[in-house]
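Reading through the structure tokens given below for one structure.
The values are calculated or read from the model by the stated rules, or taken from the named source; none is laboratory data. Every value quoted in this text rests on a predicted model; they were computed, and no experiment measured them. As a convention, Cβ positions derive from the backbone with ideal geometry for all residues, glycine included, and neighbour counts pool all protein chains shown. The area values use the complete protein model at the heavy-atom level, side chains included, leaving out ligands, DNA and RNA. Shrake-Rupley method; radii C 1.70, N 1.55, O 1.52, S 1.80 Å.
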Amino acid sequence: MNILNGPTSACRVLKTVQIESNLAIVGGGLSGICAAITAARAGLKVTLVQDRPVLGGNASSEVRLWILGATSHMGNNNRWAREGGVIDELLVENMYRNPEGNPLILDTIMLEMVLNEPKITLLLNTVVHDLEKSDADTIKLVRAFCSQNSTAYEISAPLFCDASGDGILGFLAGAAFRMGAEARAEFGEKFAPATASNELLGHTIYFYSKNTGRPVKFIPPSFALKDIKQIPRWREVRAGDHGCAFWWFEYGGKLDTVHDTEKIKWELWKVVYGVWNHIKNSGSFPDADMMTLEWVGTVPGKRESRRFEGDYMLTQQDIVEQRQHPDAVSVGGWAIDLHPAEGIYSAEPGCTQWHSKGVYQIPYRTMYSRNITNLFLAGRIVSASHVAFGSTRVMATCAHGGQAVGLAAALCMRKNLKPRELLAAPHMAELQRELLRIGQFIPHLPFNDTADLAPQATITASSELELAELEPCGQVLPLTSSWGMMLPMQPGRVPLVEFIVDVHEATTLRAELRVSSRPENHTPDVTLATLDLKLFKGINQKLPLKFDAQIASPCYVFVCLSKNEHVSAHLSEQRVTGVLAVCHNGNKAVTKSAVQSPPPDSGIDTFEFWTPKRRPAGKNLALRIAPPLAMFGGDNLTNGFTRPTNQPNAWVANLGEDKPALRLTWEKPQTIKRIEMCFDTDFDHPMESVLMGHPERVMPFCVPDFAVAVPVKHPQPIAAGLLAGAAYETSDFDGDHHPDGLNIEETLVAITENHQTIRVIELQRPITTETLELRFTGHPDGAPVALFSIRCYAEE
């Protein structure tokens, strides 16, 4: 660098850095992050280009929208539906470190997860503005500029992913896209408008406030909204609300949400400061006297702009009918959530949310451009109609799709394929298998890997729960709403289920036995049997329910007690993986009432919502079951599913057994290098990332401490040097369970304070053994020890 740089008549050239990658990803929101991490872990050299100073997009501290997806605030019937893989890892880690929902802490977690991957080159504050093609349908490189270091970048790669939100890469490359709403006739979507429209969902800016403990005066800027009554919903403004509570501060749906963003931002600032002026100075909020603005967003959170065309466009029917696809790689479950184009200035409700009866598959064909051969699509720009986009647009769904793209890119590089060529059956089966292995949730698709040694083993457990009772804890629940217990059952006659009730006045209580019309769903829309029970006044009464009904296939049964103001049901503090109490009510965050009642001939289903309550509430109903439910055996560990579906899909130890164990035994010695386990971090919990706050850091179903051990026949350790801290332990199993009656074991690895869903153990060198033992220590006051899967591999 020269000290003196004299005048020159030539134009100076920016410093230019050339970067070569296997995959270049434009956009560092959640879909870009998850695509990058997934691809890097699969071996790709990745460049991640983000035009903001932090990662996360709408989830970041710049916008502060909570991360949500199929769980929908626990307000729909999608039980155990939280997205898996990298986005699950992020949400679980954020819950552990940041249960208060501080968006700045979330920023650090996202940055850390990316920086922990040595194969990712991260470029922050870097804007893609141009590209070069090698031919009409193939991107060769992209050009970007970072204003912070005044450096230009040329990033070349055989594969690209547009995760930018507005689709800048696809736009520059000439990829086919759409903006606006399709006409009803194009896809036969009954919820679509009769004629095509340019109307879109708008942008939002949030604000945070805080109490300073002393009076604070607010003088509004001159551009603040003067007349609060220009906002039809102005009466809904409350002084204590901030952040995502004001999701309806929306504007821009009638404008160009790409090119008019600055204009939209100014209008939203006008609204925010006008609303705050109303809160502070209208005299209607005396409790706001000591409050001040702590933060106002400077970047609007975007909902909709361009949607790109893949080989398939997801539609309303895919969501509502839960259609299955041979190339399914992801899951959706948020409602079809569309907003009036006028946004905050509309007299209509801020949104219309119409749910399906369960989660739906998202096909791979929506995740690459139909005309740019090396361009993947991730995030809200994937190939979907405007109506379907109302569901696919939310961040956890976008992130989950990004993971599919990241792994698809790795397979394309490995096999020298273009994105579309992965549709061939062998390639697609491999993509789906590898996605499932890293935790991706693909409805209806079980994991099956011939390289996995665990299915070849005989699995024995120190105990297997047969659920006979959930003991009462002394608390009662007035039946001011209808309640039910979701119980997994095998085919055959329904067992006796007995509750404990207090009857405050003689009455008739209705009990119902319900199931879902689809075994994999958790919407109790089919009533198998009904009992009308005459009850007399008294406390601690046993209420045996003997339903004359048969179950045709494994499924969840809803044993329901109808709303009755004269009855209270006894509660239990015992919690078990795959067992839930649910209430027939509506969650105002995502639905208007306890029954979804769509407009006639809209293609939307009518059904009831039955949802759980959040902990520390949401206790199970105390009950007794005869004969007990034997649905929690060790055979679930290799059935290919890693969350409850139509059954718990978990091995669960007996209630009260604090140190249970599992043993895998093979007929002949196996060489094992890698062990993978999937724990229960409560996939029913949405784990909203900001604002709400949560009472737990670790889910009560997650095993905190465990160890992996092998038997040894000689005093000298057979796995010396495998892992630091190896130690001998005595087995809790009887000697008869050991080959030759041996009960001396060597601990290969011991993990403490686990809180994550997936734990992968890489041994420093392979071991050869006929037996593998896993020992677990549960939470003293938590649920019984549970595990969804165990996998063993000879190679990494």
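Taking interchain pairs and intrachain pairs at least six residues apart, which have beta carbon atoms under 8 angstrom, with the first residue in the range 9-21 and touching a residue at least 24 places away in the same chain (Cβ under 8 Å) and the second open to solvent by 100 Å² or more (accessible area, probe 1.4 Å) and part of a loop (DSSP other than H, G, I, E, B)?
GLU20/LYS45; SER21/LYS45
One residue is enough: does the range 638-646 have a residue meeting the conditions in contact with an Asp or Glu (Cβ under 7 Å, 6 or more places away or on another chain) and not charged (D, E, K, R)?
Within the range 638-646, one or more residues are in contact with an Asp or Glu (Cβ under 7 Å, 6 or more places away or on another chain) and not charged (D, E, K, R).
Quick one: count up the residues across the range 587-610 that are part of a loop (DSSP other than H, G, I, E, B) and open to solvent by 30 Å² or more (accessible area, probe 1.4 Å).
Within the range 587-610, the subset part of a loop (DSSP other than H, G, I, E, B) is 587-594, 597-606, 609.
Subset that is open to solvent by 30 Å² or more (accessible area, probe 1.4 Å): 587-589, 592-593, 597, 599-601, 603, 605-606.
The qualifying residues number 12.
Given the criteria open to solvent by less than 30 Å² (accessible area, probe 1.4 Å), in a helix (DSSP H, G or I) and in contact (Cβ under 8 Å) with a residue 24 or more places away in the chain, does LEU513 qualify?
When the stated conditions are applied, LEU513 does not pass them.
Keeping to the range 342-382, report how many residues are assigned to a loop (DSSP other than H, G, I, E, B) and in contact with a Pro (Cβ under 9 Å, 6 or more places away or on another chain).
12
Could you grab me the full set of residues in the range 322-345 that are of a type in the set (Ser, Thr, Tyr) and surrounded by fewer than 19 Cβ atoms within 10 Å (Cβ to Cβ)?
Residue satisfying the conditions is TYR345 alone.
Looking only at residues that are surrounded by fewer than 19 Cβ atoms within 10 Å (Cβ to Cβ) and among the charged types (D, E, K, R) in the range 627-659, which one is nearest to GLU469 (Cα to Cα)?
Taking the candidates together, the pick is GLU657.
Report, by residue number, each residue of the range 281-321 that is over 30 Å from GLY390 (Cα atoms), assigned to a strand (DSSP E or B) and open to solvent by 30 Å² or more (accessible area, probe 1.4 Å).
Going residue by residue through the range 281-321, those that are over 30 Å from GLY390 (Cα atoms) are 281-294.
Now drop any that are not assigned to a strand (DSSP E or B), which leaves 291-294.
Once the filter is applied, which keeps residues that are over 30 Å from GLY390 (Cα atoms), assigned to a strand (DSSP E or B) and open to solvent by 30 Å² or more (accessible area, probe 1.4 Å), the range 281-321 yields THR292, LEU293, GLU294.
Does the range 439-450 hold any residues that are in contact (Cβ under 8 Å) with a residue 40 or more places away in the chain, open to solvent by 50 Å² or more (accessible area, probe 1.4 Å) and either more than 27 Å from the chain's Cα centre (by Cα) or within 20 Å of VAL652 (Cβ to Cβ) (or both), and which are they?
Passing the criteria: only PRO446.
Somewhere in the range 556-563, is a residue open to solvent by 50 Å² or more (accessible area, probe 1.4 Å), at pLDDT 95 or above and in a loop (DSSP other than H, G, I, E, B)?
Yes: the range 556-563 contains one or more residues that are open to solvent by 50 Å² or more (accessible area, probe 1.4 Å), at pLDDT 95 or above and in a loop (DSSP other than H, G, I, E, B).
Can you find a residue that is at pLDDT below 95, open to solvent by 30 Å² or more (accessible area, probe 1.4 Å) and within 36 Å of the chain's Cα centre (by Cα) anywhere in the range 212-233?
Within the range 212-233, one or more residues are at pLDDT below 95, open to solvent by 30 Å² or more (accessible area, probe 1.4 Å) and within 36 Å of the chain's Cα centre (by Cα).
Which condition breaks for ASN116 when tested against (1) touching a residue at least 24 places away in the same chain (Cβ under 8 Å); (2) farther than 30 Å from VAL576 by Cα?
(1) is the only condition that ASN116 fails.
Just one of GLY84, GLY69 is under 21 Å from MET677 (Cα atoms) and touching a helix residue (DSSP H, G or I) at 6+ places or on another chain (Cβ under 9 Å); which is it?
Step by step, each of GLY84, GLY69 is checked, and only GLY84 is under 21 Å from MET677 (Cα atoms) and touching a helix residue (DSSP H, G or I) at 6+ places or on another chain (Cβ under 9 Å).
What pairs come out if I take residues in the range 397-413 that are open to solvent by 10 Å² or more (accessible area, probe 1.4 Å) and pair them with residues that are of a type in the set (Lys, Arg) whose C-beta lies under 8 Å away, six or more apart or interchain?
Close Cβ pairs satisfying both conditions: CYS398/ARG380.
Mind checking which residues of the range 111-144 are surrounded by fewer than 20 Cβ atoms within 10 Å (Cβ to Cβ) and either among the charged types (D, E, K, R) or touching a His at 6+ places or on another chain (Cβ under 9 Å) (or both)?
GLU112, GLU117, LYS119, ASP130, GLU132, LYS133, ASP135, ASP137, LYS140, ARG143
Quick test of your reading of the structure: ARG615 fulfils all but one of (1) surrounded by fewer than 23 Cβ atoms within 10 Å (Cβ to Cβ); (2) touching a Ser or Thr at 6+ places or on another chain (Cβ under 9 Å); (3) not hydrophobic (A, V, I, L, M, F, W, C). Name the failing condition by number.
(2)
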